[in-house]
Ligand SMILES: Cc1cc2nc3c(=O)[nH]c(=O)nc-3n(C[C@H](O)[C@H](O)[C@H](O)COP(=O)(O)O)c2cc1C
């Protein structure tokens, strides 16, 4: 029986959904699977249990949303805490809205470098497409199709990883350059936390504080206060029932109408989706390939 560790950071639930599908597929293939979500509270528990940076697995699979053409900070921090090793097999699954478009192509390169330095063998890279949770909304029917595809993409991913299929991508120079330049986002995300404001509609329910993966929100006499640990995952903004959290300057970053994958999932059952041809008319060809070819 193969032992697999899934390590996931997810802001708004897209990556988490794929992680759950992959866990199901791996269990179906007879694997013993452990999942670690990179959220402060859960990290503390894992540290107490001694499982946080345990690497006694046949495979480690790291899953993360692409943030500014790169992986978010909690993933880098977890890798920093890993012990050195001799060739533990690692797969990297990035989840993004623009897929394997050239701007995203180097999004795993920083992680690969950090892991390789410690002796890990990154043999597998894959991009999963999920709806945009930033700037503008992905068309609803298209988003639903992306959600529908998750189990089959997970099944294929599990098969390829267990077969040790080598799947590596050589990013273009321009992709590497843009990822390097976008490192500045690691700093600006901290400032983003500081520009978050609360509207009068806040019901002081504390959901934002309880949900923040970084424990960056403290309730102070009923009002949420934001610290310096924000990673700009946007969870607090979209999870708020009264839409009371907003960035003072970067309002353009928030999807108008919110981002609610639970609602879309429920809607799928009662929706007859257009054909794949209609869904992908007028979009970049890599979106069409991703939808039509279950191995991409
Ligand atoms: C701060 C931030 C930066 C992002 N940058 C990118 C990006 O560079 N490329 C991209 O395709 N999507 C980008 N996205 C979109 C997310 O990667 C995408 O919506 C993903 O599905 C979110 O996953 P999650 O729900 O697990 O957080 C960004 C989202 C955020 C919040």
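Every number in this text was worked out from the coordinates using simple rules, so none of it is lab data. Just so we're clear, the structure is a prediction, and the values are computed from it rather than from any experiment.
Looking at the square roots a ≥ b ≥ c of the eigenvalues of the Cα gyration tensor of the range 252-291, which shape do they give, rounded for a/c under 1.5, prolate if a/b is larger than b/c, or oblate? Note, shape of the range 252-291 comes out oblate. Secondary structure note: in the range 91-236, about 35% of the DSSP beta bridges are antiparallel.
In percent, rounded to a whole number, the relative contact order of the chain is 19, using alpha-carbon pairs under 8 Å and six or more apart. Take every pair of alpha-carbon atoms less than 8 Å apart whose residues are at least six positions apart; their mean separation over the length of the range 1-140 yields a relative contact order of 24 percent. Give the shape of the range 1-86 as rounded, prolate or oblate, defined through the alpha-carbon gyration tensor: a ≥ b ≥ c are the square roots of its eigenvalues, a/c under 1.5 means rounded, and otherwise the shape is prolate if a/b is larger than b/c and oblate if not. Note, shape of the range 1-86 comes out oblate. In terms of its C-alpha gyration tensor, the range 213-296 comes out prolate, because a/c is 1.5 or above and the ratio a/b outweighs b/c. Summed over qualifying helices (DSSP H, 4 residues or more, each -39500 (n - 2.57)) and divided by its residue number, the chain shows a 222 nm mean residue ellipticity of -11000 deg cm²/dmol. Over the range 38-117, the reciprocal of the mean inverse Cα-Cα separation, the Kirkwood hydrodynamic radius, stands at 13.6 Å.
Summarised in one figure, the compactness ratio Rg/Rh of the chain, Cα atoms and Kirkwood Rh, is 0.95. Beta bridges per DSSP, both residues in the chain: antiparallel share near 25 percent.
In the range 106-190, Cα pairs under 8 Å separated by at least six residues give a relative contact order of 41 percent. Antiparallel beta bridges, as assigned by DSSP with both residues in the range 1-143, represent about 5 percent of the total such bridges.
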